Amino acid sequence: MVYRFLRKSKACRSFEHAFRLIELGINTPFPVCYSEIFSGGLRESYYISRHMDYDFDFRVLNHNPKWPNRNEILRQVARFTFKLHENNINFLDHSPGNTLIIDKGDGQYDFYLIDLNRMRFESMSFDKRMHNMRRLWLSKNMINIMSETYAELYGKTYEQTHALMTKYSRAFQKKVNSKKLRKRRRRK
């Protein structure tokens, strides 16, 4: 009943968010349609976008420290994330698998967001922006690179940006790892 009267379905939100992103100049696979099946309340919902070929997703950068041009890609991801934030886009599922990357050649990359249902359009403080990046599962080296670029764009010091990005990234990683450990212990 919540989805029928109080909240739009995930499919509907993804569809609407895709168009809003496109209007703001943010790449996402083009939305085609969504469908909702009701039986009393919402039973199922489906979102369809155009198929998109891409070269890799952000996870590749997490798992391959020697990925070609990795540092430049990370700088461009920081610029892309800054663009999201400047457009008041709080992508709540800003995680490694939800950013697709296309290599345009000449060291330039395009970034596309997927899994769009969890998103807010709101002004974001510096603290909230750094908190938003926590799900990217950044290593120390990745934080060093991305915080330098983001600090330049935002007008904060490298130290301020690095400290907050590290704080939120590590807290998120600790939380996820603790949950995994508890699950393993329960299985034994």
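Just so it is clear, none of the values below were taken in a lab; they were calculated from the coordinates. A quick note: this is a predicted structure, and the numbers were derived from the prediction, not measured. Every residue, glycine among them, receives a Cβ derived from its backbone with ideal geometry; neighbour counts consider all protein chains shown.
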In this structure, the FRET efficiency calculated for T157 and R43 from their beta-carbon separation, with R0 = 45 Å, to the nearest 0.05, is 0.30
Alpha carbon Rg of the range 2-49, scaled by the compact-globule rule 2.2 N^0.38 Å
1.24
Using 20 Å as the Cα-Cα cut-off, could you pick out the over-long pairs in K8/K128; K83/K128; K10/K128; K128/K156; K83/K156; K140/K175?
K8/K128; K10/K128
DSSP beta bridges in the chain [antiparallel fraction, %, rounded to 5]:
100 percent
The chain: relative contact order as a whole-number percent, Cα under 8 Å and 6+ apart
20 percent
At 20 °C and 1.002 mPa s, grab the translational diffusion coefficient of the range 1-108 from Stokes-Einstein with a Kirkwood Rh over Cα pairs, rounded to a whole number in µm² per second.
134 µm²/s
For the chain, what size does the Cα cloud have along each of its three principal axes, sorted from largest down, in whole Å?
53, 49, 31
Residues of the range 35-53 with amide N under 20 Å of a point placed 7 Å along Cα→Cβ from R20:
35-36, 45-50
For the chain, the longest principal axis of the Cα atoms and the Cα long axis of helix 10-23 enclose an angle in degrees, to the nearest 10, of 50 degrees
Given the rule -39500 (n - 2.57) for each run of at least 4 DSSP H residues, summed and divided by the residues of the chain, what is its mean residue ellipticity at 222 nm, to the nearest 500 deg cm²/dmol?
-15500 deg cm²/dmol
